[in-house]
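Step one of this worksheet: look at the structure below.
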Amino acid sequence: MKTRATTAELVAAMRALHQRDRVRLVEDPHALGLCGWHLRLLARLRPVSWFLINHALRDLRPSMLGVLIRARYAEQALEAALRDGIAQYAIIGAGLDSFALRRADLMRRLQVFEIDLPAMQALKRERLRRMGVEPPPGLHFVAADLGEVPVMEALATSSFDAGRPAFLSLLGVTYYLPTEVIAATARSISQAVAPGSRFVLDHMLDDATAGPEHREKRAALKAYVAKRGEPMHSDYSPEEMSELMAEAGFRTLESITMMDLGERFTRELGPLPFEIPGIFACGLYEA
Ligand SMILES: C[S@@+](CC[C@H](N)C(=O)[O-])C[C@H]1O[C@@H](n2cnc3c(N)ncnc32)[C@H](O)[C@@H]1O
């Protein structure tokens, strides 16, 4: 995996901008503070941020909106896991996610392990200091380059207890990885976690499943990120991702497109303030 400071920043900016919407998939009062100064400034200048999202960064829009859907999906699955007694959450490639700050309600019962590159974690700690925010006691930073160290080895350097079931997330990352790396990562997790552990991820849909009306956006997004040196390597139908996970030792609890999630969240919250990106899906698996 490569450093994605830029995408982590964009994800935080998307969550920050979403706080202006009347119907919100994610409540995140800390997102703006976690952004760099340039994004904080742009977010305050409404016409400029509107222009950026709707014109200059138009090709990135589907993945930015997918950020909100995958975050809500993962957190609902985590809440269910907590109800079932799982009390450890490992966020793989946590970036500038403010989960441990914005979900104080869950942190009382949860130990959270954020895995990311040392430089990204240093940046995050620096931003938290600037915001005057003390990381909560249940939050553990696990600095690791996952290109060099497997997830479970990285977690073994912390107080993570591999003997107890855990919930793990891999959000906003799979599309940049070739299939062999996704499979190897999932296999190394399934082999080392306690039975009953759960794993949530999002992935890009293959051309056939994305549906004709979304294919143009999918091609534009792929071209945009490839031009910036972060090519997207992999896409799957929900069934293909389930097969990949089964080979890696996970059984599928749910495999669902973001279009279907959009409908589910519309039923929960009312009409959503944006169009649903039709080129991604989420999956929830159990070891
Ligand atoms: C798109 S961000 C995802 C942010 C977060 N999961 C979310 O949804 O808000 C991807 C993250 O993966 C991290 N990452 C990329 N390559 C990595 C590596 N080799 N080892 C550890 N983390 C890595 C980046 O630093 C970045 O924070």
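Any read-out appearing in this document is the output of simple, stated calculations on the displayed coordinates, not a laboratory observation. Owing to the predicted nature of the structure, the values given are computational and were not obtained by experimental measurement. Virtual Cβ from ideal backbone geometry, glycine too; neighbours counted across all protein chains shown.
Taking every DSSP beta bridge that has both ends in the chain, the antiparallel portion is near 40%. Helices meeting the span-like rule in the chain (full DSSP H runs, Cα extent of at least 24 Å along the helix axis, mean Kyte-Doolittle score of -0.5 or higher): 61-83. Using the charge dipole of the range 61-112 (Lys, Arg: +1 at Cβ; Asp, Glu: -1 at Cβ; taken about the Cα centre), state which of Ala90, Leu68, Ala104 has its Cα farthest towards the positive end. With unit charges placed on the Cβ atoms, the residue in question is Leu68. Summing Cβ point charges (Lys, Arg +1; Asp, Glu -1) relative to the Cα centre of the chain gives a dipole of roughly 1320 debye. Counting only Cβ charges, +1 for Lys and Arg and -1 for Asp and Glu, the dipole size of the range 1-152 around its Cα centre is about 620 debye. Once the Kirkwood radius over Cα pairs is known for the range 86-205, the Stokes-Einstein relation at 4 °C and 1.567 mPa s delivers a diffusion coefficient of 87 µm²/s.
Ranked for footprinting exposure by Cβ neighbours inside 10 Å, fewest first, Arg103, Arg22 give Arg22, Arg103. What whole number of Å gives the distance from the Cα centroid of the range 241-287 to the Cα centroid of the range 46-91? Going from one Cα centre to the other spans 12 Å.
Quick one: net charge of Pro273's neighbours, Cβ under 11 Å, K/R +1, D/E -1? With Lys, Arg at +1 and Asp, Glu at -1, the net is +1.
Quotient of the Cα radius of gyration of the range 5-286 and 2.2 N^0.38 Å, N being its number of residues: 0.95. Charging the Cβ of each Asp and Glu at -1 and of each Lys and Arg at +1, and nothing else, the dipole of the range 186-232 about its Cα centre rounds to 160 debye.
Extending 7 Å from Cα along the Cβ direction at Glu247 and again at Trp50 yields two label points whose distance is 4.8 nm. When you filter the trypsin sites (Lys or Arg not before Pro) in the range 184-287 for DSSP loop state and at most 13 other Cβ atoms inside 10 Å of their Cβ, you are left with Arg228.
Taking other residues whose beta carbon is less than 15 angstrom from the beta carbon of Ala71, and scoring Lys, Arg as +1 and Asp, Glu as -1, yields -2. For the pair Ala104 and Ala220 in one chain, pulling the backbone fully straight at 0.36 nm per residue adds 38.0 nm over the alpha carbon distance.
Among Ser242, Ser63, Ser188, Ser159, a tally of other beta-carbon atoms within 10 Å of each Cβ gives an order, fewest to most, of Ser159, Ser188, Ser242, Ser63. Per the Kirkwood formula applied to alpha carbons, the range 180-285 shows a radius of gyration over Rh ratio, Rg over Rh, of 1.01.
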